[in-house]
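Trainee: Shown below is the structure under consideration.
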Amino acid sequence: MRFEISKVMDAIEGRVCTDPHLARAVLDLAEVVRYQDLDGGRPANLLRLGMVIDALVRHLEEDNVPVYAVVHRALLSDADLTSNERMVVRRWADDGLVEVLDNPGDRMLEVADLLGLPVLTRARLDGLRGRYPWVAEQPGRVLAPVAGAGGPTLTAHVGGGTVPVSGTPSPAGAQLLTRLWRCAEPGCALFGGGGGGGAFADLARVERSPSGQAPPTLRSGAPTCPRHGSRLTDAGARPRTQVLAVRIGGLTRRRFVLTSDEPVLVGRAPEQSGGVVLGQWLNDEARRWISRSHLQFELRVGEVIVTDLSTNGSGIRPGGSMDEAERIPLAPRQSRVLGPGDMVELYPGVQVGRAGELPTGAAFNPTSVMAEAPTMAMRLPRP
Ligand SMILES: [Zn+2]
């Protein structure tokens with residue numbers, strides 16, 4: 001595989017997941033790769049997923065936004081993709097990063113319904129409005145990725161807006177996500193004992209927490225594996241979670257999931273698998289100030305506890321207040337419960353708080369997943 005293409009694929013790979021806490025929109029990968037008008041290139045191209053993710057990032061004004069991709073099994077052997085692209089999709093399938101199905105049916109909408117996520121599709125969903133009323137009733141909940149002057153853009157099916165709107169998870173979805181589920185099929189990538197089980201299982205680079213397990217499909221009300229069609233067994237309570245977000249220079253750069261299982265370290269370059277690395281977004285001064293492992297976050301009985309592990313200390317901004325007089329110093333080795341709306345500040349402009357509670361406001365300048373894209377893939381139609 002050409003080096004630069006493989007780098008783009010790696011960037012895109014970091015932006016597909018079936019984690020209910022992190023995915024921000026649902027799409028059908030087999031549909032998206034055929035948006036030929038986005039670049040005027042060959043009939044199917046996996047890079048179009050990156051273009052659609054970029055459009056989502058721009059419209060959400062948040063960086064590193066992952067999507068939940070449902071994939072028809074036929075795409076894994078689709079002759080319109082290159083052999084390398086097919087290999088990449090197979091690896092995603094084996095790692096459980098995408099959901100591969102024999103018959104996707106309305107699974108894309110079911111996932112969106114269970115998780116309260118927006119849907120990115122050009123398909124007309126008229127026949128599904130009865131089952132999923134939000135398709136017709138909630139403006140911005142379904143958006144079509146279309147070609148625009150400055151690259152792909154989004155247009156809402158209802159209301160004509162461009163900003164994806166989330167709903168709330170359906171009651172069934174909320175209930176399903178309180179439990180862990182197990183598929184009887186050996187090596188099931190979505191509901192197996194751990195990790196994927198396919199041909200690339202040994203190479204799996206993705207460490208997944210059980211709290212990030214995909215939502216089952218409901219068949220006659222019973223939780224079922226969408227891939228294998230078998231009834232799932234209840235494997236116990238899902239660990240509690242809290243989604244936190246890193247905000248740098250006024251922009252949310254990435255979200256991460258805190259579970260009751262283990263603490264998460266945040267800093268310039270924490271030596272923890274799953275630690276949150278900030279170095280790439282920091283200027284020299286901030287790099288010097290912020291320790292490799294600066295903060296530790298823990299989730300204990302539903303409360304987020306932050307401990308300062310740094311040399312220079314941090315501060316709490318109560319309720320997100322940017323008033324300097326209200327900033328509470330958090331000295332090295334000191335711990336504190338994060339109150340509603342509170343942000344921890346590692347350095348001026350570098351903050352962590354609960355996702356969804358962080359204010360945004362700075363001019364948005366996202367890091368494109370396509371930044372490394374070879375120019376041949378970016379032959380966008382001229383305005
Ligand atoms: Zn299964």
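The values are calculated or read from the model by the stated rules, or taken from the named source; none is laboratory data. A quick note: this is a predicted structure, and the numbers were derived from the prediction, not measured. Using ideal geometry, Cβ is built from the backbone for each residue, glycine included, and neighbour counts are taken over all protein chains shown. These area figures cover heavy atoms from the full protein model, side chains too; ligands, DNA and RNA do not enter into them. Shrake-Rupley method; radii C 1.70, N 1.55, O 1.52, S 1.80 Å.
Trainee: Can you list residues from other chains, or at least 5 along the same chain, whose modelled amide H is less than 5 Å from the amide H of V67?
Mentor: The answer is V16, C17, R24.
Trainee: Once the whole set of protein chains is in place, how much accessible area is left on C17, using a 1.4 Å probe, in Å² to the nearest 10?
Mentor: Number for this one is 20 Å².
Trainee: Helix 47-60 against the longest principal axis of the chain: what's the angle in degrees, Cα atoms only, rounded to the nearest 10?
Mentor: Roughly 50 degrees, rounded to the nearest 10.
Trainee: Net charge within 10 Å of D308 by Cβ-Cβ distance, Lys/Arg positive one each and Asp/Glu negative one each, not counting D308 itself?
Mentor: Working: positive: R333, R336; negative: none.
It works out to a net charge of +2.
Trainee: For a Förster distance of 45 Å, can you work out the FRET efficiency between the beta-carbons of Q175 and D284, rounded to the nearest 0.05? Before the final figure, lay out each step's value.
Mentor: Values: r = 49 Å, r/R0 = 1.09.
Between Q175 and D284 the formula returns 0.35.
Trainee: Enter the accessible area of H228 (Å², nearest 10), with the probe set to 1.4 Å and all protein chains included.
Mentor: Counting only protein heavy atoms, the figure is 70 Å².
Trainee: Could you run the Karplus curve 6.51 cos²θ - 1.76 cosθ + 1.60 with θ = phi - 60° over the stretch 345-354 and give me ³J(HN,Hα) per residue in whole Hz, x for Gly and Pro?
Mentor: Couplings: 10, 7, 6, x, x, 10, 10, 10, x, 5 Hz.
Trainee: Efficiency by 1/(1 + (r/R0)^6): what FRET value for V337 and D261, r their Cβ-Cβ distance, R0 = 22 Å, to the nearest 0.05? Intermediate results must be reported in sequence, preceding the final value.
Mentor: Details: r = 19 Å, r/R0 = 0.86.
For V337 and D261, the calculated efficiency is 0.70.
Trainee: Still on this structure: Once label points are set 7 Å from the Cα along Cα→Cβ at both T311 and R131, what is their separation, rounded to one decimal in nm?
Mentor: Here the modelled spin labels are 5.9 nm apart.
Trainee: A further question on this structure: What's the local net charge at R333, with K and R +1, D and E -1, over the other residues with C-beta under 15 Å away?
Mentor: Details: positive: R336; negative: E298, D308.
Counting the neighbours of R333, the net charge comes to -1.
Trainee: Could you go through the stretch 253-268 in sequence order and give the Karplus-derived ³J(HN,Hα) for each residue, using 6.51 cos²θ - 1.76 cosθ + 1.60 with θ = phi - 60°, rounded to whole Hz, and x for Gly and Pro?
Mentor: 8, 6, 9, 9, 9, 9, 10, 6, 6, 8, x, 10, 9, 10, x, 4
Trainee: I need to check one value: relative contact order of the stretch 235-334, counting alpha carbon pairs closer than 8 Å and at least 6 residues apart, in percent.
Mentor: Details: 182 pairs, mean separation 19.6, N = 100.
Relative contact order here is 20 percent.
Trainee: Tell me, what is the FRET efficiency for A325 and V243 to the nearest 0.05, using R0 = 30 angstrom and their Cβ-Cβ distance as r? Spell out each step's value before the answer.
Mentor: Values: r = 30 Å, r/R0 = 0.99.
Plugging the Cβ-Cβ distance into 1/(1 + (r/R0)^6) gives 0.50.
Trainee: Now, a different point. Probe 1.4 Å, all protein chains in place: accessible area of T153 in Å², nearest 10?
Mentor: Rounded to the nearest 10, the figure is 40 Å².
Trainee: What is the spread of the Cα atoms of the stretch 241-354 along each of their three principal axes, largest first, in whole Å?
Mentor: Projected onto its principal axes, the Cα set of the stretch 241-354 covers 36, 33, 27 Å.
Trainee: Would you mind getting the Kirkwood hydrodynamic radius of the chain from its Cα pairs, rounded to one decimal in Å? Spell out each step's value before the answer.
Mentor: On the way: mean 1/r = 0.0459 Å⁻¹.
About 21.8 Å, per the Kirkwood formula over Cα pairs.
Trainee: While we're here: So what is the calculated 222 nm ellipticity per residue for the chain, using -39500 (n - 2.57) for each DSSP H run with n of 4 or more, over all residues, to the nearest 500 deg cm²/dmol? Working shown, then result.
Mentor: On the way: 8 runs with 66 residues, N = 383.
Theoretical 222 nm ellipticity from helices: -4500 deg cm²/dmol.
Trainee: While we're on this one: With a 1.4 Å probe and every protein chain left in place, work out the accessible area per residue of the stretch 4-160 in Å², rounded to a whole number.
Mentor: Details: 5090 Å² over 157 residues.
For the stretch 4-160, the per-residue accessible area is 32 Å².
Trainee: Per residue, how much accessible area does the stretch 241-354 show when a 1.4 Å probe rolls over the protein heavy atoms, in square angstrom? Numbers along the way, then the final one.
Mentor: Working: 4980 Å² over 114 residues.
The answer is 44 Å² per residue.
Trainee: Now a separate question. Provide D106, D342 ordered by accessible surface of protein heavy atoms (probe 1.4 Å), highest first. Kindly include the intermediate steps, with their values, before the conclusion.
Mentor: Working: D106 40, D342 15 Å².
Sorted by accessible area, descending: D106, D342.
Trainee: For the chain, find the longest principal axis of its Cα atoms and tell me its angle to the long axis of helix 83-94, 0 to 90°, nearest 10.
Mentor: On a 0 to 90 degree scale, this one is about 60.
Trainee: Here is a further query. Over the chain, what relative contact order in percent results from Cα pairs under 8 Å that are six or more residues apart?
Mentor: Values: 811 pairs, mean separation 63.3, N = 383.
Relative CO of the chain lands at 17 percent.
Trainee: Moving on to the next point. Each residue of the stretch 28-39 in turn: what ³J(HN,Hα) in whole Hz from Karplus with 6.51, -1.76, 1.60 and θ = phi - 60°, glycine and Pro shown as x?
Mentor: 3J(HN,Hα) across the stretch 28-39, in whole Hz: 9, 4, 4, 6, 5, 5, 9, 6, 4, 5, 5, 9.
Trainee: Highest GNM mean-square fluctuation, the chain, Cα pairs closer than 10 Å: which of N283, N312, N64?
Mentor: Evaluated over the chain, the most mobile residue of the options is N283.
Trainee: Using the basic label-point model (7 angstrom from Cα toward the beta carbon), what is the D10 to V146 distance in nanometres?
Mentor: The modelled label-to-label distance comes out at 3.7 nm.
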